[in-house]
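Notes for the one structure printed next.
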Amino acid sequence: MAQVTLRNVTKRFGNFTAVRNVTLEIQDGELMVLVGPSGCGKTTLLRMIAGLEDVTEGEIRIGDRLVNDVPPRDRDIAMVFQNYALYPHMSVYDNIAFGLKLRKVPRREIDRRVRQVAELLGIADKLRSKPKELSGGQRQRVAVGRAIVREPQVFLFDEPLSNLDAKLRVHMRAELQELHRKLQTTTIYVTHDQVEAMTLGQRVAVLRDGVLQQVDTPKRLYDRPANVFVAGFIGSPAMNFLPGRLGEEGGGLVAQGPGFRLELPEPAAERASGSVGREIWVGIRPEHLKPAAPAPEDDPCTLRVRVRVVEPLGSELIIHGDLEGGNQEIVAKLDPEVSVAVGEELRLAPLPEKIHLFDKESERSLLLGEEKGEPVAAS
């Protein structure tokens, strides 16, 4: 096992910059997830760590060793690809053993490792089968087994679950978590699926257009997003963003705009006090909107929403509507017992302590302080 360190790593393809000045430390034994939309540079970054792409600028270290010019086979890493990359004419046993045979590992040691890994992954009864005889989940286990059997310092996973159906993906996520817990090998995992990132990663690095936006634990990414992009990318359904202005009133702060006026609780008001008068985005997650308690019809601290779409999902109810007076779409995630129909007006109250504020120009959060442990955000 080893720490992986990236220092000011940049990758250019001609005039196009795929990865821009990324600095990141993956700790020894950590499971780090790289997440972002298609084209954000996450797979390119992984391929540079693997040695499959050259580094234009910067340094990559595995342990204490600079590996910029070290060929892939000498980096002591193992990579699992999206398409499994199994040899169809070989048995499961031979697929798993192939890399060890190339390294001329003794036959008895190969057999010991292959059977040990097959037991760990629950495919010991499939060692004589060919890939075409296996299910998608079993093929993925073989691909993972081929990586594990090499006992590398670092595992690299490039969207390994994207070819599986939704139910099997959930199952395999749990298996990969358990596998990492047992092996404690440094692991870097790439995905475009924010749910996968949040459930798998001990820490998550969010990328956009080749730039690192924020690195933190899943909980802090959700609770304390550094900017509008991270706030909108993490969470499903995505966060609502209302355009407004930060003002001072009665000794406190209010965020107000077309169709809303929200009084800020003390912690948020204290952190945002230096931004009075600024144009802002008010961020409210759908799950942090609740049906308003009885109050005067003109209560400005509630959102009056005209319902357009109702999505009953069994365990929850997703409401899409328009903010009255604001020409703004609002999405709310409510208790399934809430009774609401298309065309109705619904009055919703945001949980005050869950409101997010972002500067409209820079799109950075106004609620992140400077104390130790704050999220790492893009510059």
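Observations on the structure shown:
- Set side by side, the residues Leu120, Leu134, Leu102 differ, and just one is surrounded by fewer than 14 Cβ atoms within 10 Å (Cβ to Cβ) and either at positive phi or of a type in the set (A, V, I, L, M, F, W, C) (or both), which is Leu102.
- Applying a threshold of 7 Å to beta carbon distances and a minimum spacing of six or more residues, or different chains, the list of pairs starting in the stretch 91-113 at a residue that is free of Cβ contacts under 8 Å to residues at least 12 places away in the same chain and ending at one that is surrounded by 14 or more Cβ atoms within 10 Å (Cβ to Cβ) reads Lys101/Ile110.
- The lone criterion from (1) over 24 Å from the mean Cα position of the chain (by Cα); (2) in a helix (DSSP H, G or I); (3) polar (S, T, N, Q); (4) farther than 30 Å from Arg128 by Cβ left unmet by Asn95 is number (4).
- Some residue of the stretch 270-277 being touching a strand residue (DSSP E or B) at 6+ places or on another chain (Cβ under 8 Å), polar (S, T, N, Q), more than 19 Å from Thr302 (Cα to Cα) and surrounded by fewer than 15 Cβ atoms within 10 Å (Cβ to Cβ): yes
- Residues that are under 13 Å from Val149 (Cα atoms) and in contact with a Pro (Cβ under 9 Å, 6 or more places away or on another chain), drawn from the stretch 73-99: Asp76, Ile77, Ala78, Met79, Val80, Val92, Asn95
- Filter result (of a type in the set (A, V, I, L, M) and either modelled with pLDDT under 90 or not in a helix (DSSP H, G or I) (or both)) within the stretch 131-142: Leu134
- Cβ-Cβ distances below 6 Å connect the following pairs, each with a first residue in the stretch 244-269 that is under 14 Å from Lys354 (Cβ atoms) and aliphatic (A, V, I, L, M), a second residue that is assigned to a loop (DSSP other than H, G, I, E, B) and at pLDDT 90 or above, and a separation of six or more residues or different chains: Ala268/Leu367.
- Leu289 meets the conditions (1) more than 31 Å from the chain's Cα centre (by Cα); (2) farther than 16 Å from Ser365 by Cα in every case but one. The failed one is (1).
- Only one of the numbered conditions (1) of a type outside the set (A, V, I, L, M, F, W, C); (2) under 22 Å from Asn21 (Cα atoms); (3) open to solvent by 70 Å² or more (accessible area, probe 1.4 Å); (4) outside any strand (DSSP E or B) is violated by Arg108, and that is (2).
One line per residue, one yes/no per condition, for (1) in contact (Cβ under 8 Å) with a residue 60 or more places away in the chain; (2) assigned to a helix (DSSP H, G or I); (3) among the charged types (D, E, K, R); (4) open to solvent by 30 Å² or more (accessible area, probe 1.4 Å):
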residue: Arg61; (1), (2), (3), (4): no, no, yes, yes
residue: Ala85; (1), (2), (3), (4): no, no, no, yes
residue: Pro88; (1), (2), (3), (4): no, no, no, yes
residue: Arg115; (1), (2), (3), (4): no, yes, yes, yes
residue: Ser129; (1), (2), (3), (4): no, no, no, no
residue: Arg146; (1), (2), (3), (4): yes, yes, yes, yes
residue: Ser162; (1), (2), (3), (4): yes, no, no, yes
residue: Leu168; (1), (2), (3), (4): no, yes, no, yes
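- Residue within the stretch 195-214 that is assigned to a loop (DSSP other than H, G, I, E, B), within 18 Å of Pro237 (Cα to Cα) and within 9 Å of the chain's Cα centre (by Cα) present: no
- At least 2 residues being in contact with a Lys or Arg (Cβ under 6 Å, 6 or more places away or on another chain) and modelled with pLDDT of 90 or more is the threshold, and among the strands (runs of 3 or more DSSP E) wholly inside the stretch 317-379 those reaching it are 317-323, 345-350.
- Test: residue in the stretch 13-29 that is touching a Pro at 6+ places or on another chain (Cβ under 9 Å), at pLDDT 95 or above and either open to solvent by 70 Å² or more (accessible area, probe 1.4 Å) or in a strand (DSSP E or B) (or both): no
- Enumeration of residues in the stretch 148-159 that are closer than 19 Å to Asn83 by Cβ, open to solvent by less than 10 Å² (accessible area, probe 1.4 Å) and assigned to a loop (DSSP other than H, G, I, E, B): none
- Considering Gly283, Gly259, the condition of being within 27 Å of the chain's Cα centre (by Cα) and small (Gly, Ala, Ser) is satisfied by Gly283 alone.
The values are calculated or read from the model by the stated rules, or taken from the named source; none is laboratory data. As the structure is a prediction and not an experimental result, all values here were calculated from the model. Note that each Cβ is placed from the backbone with ideal geometry, even for glycine, and that neighbours are counted across all protein chains shown. In case anyone asks, the SASA skips ligands and DNA or RNA and just uses the protein heavy atoms, side chains included. Shrake-Rupley method; radii C 1.70, N 1.55, O 1.52, S 1.80 Å.
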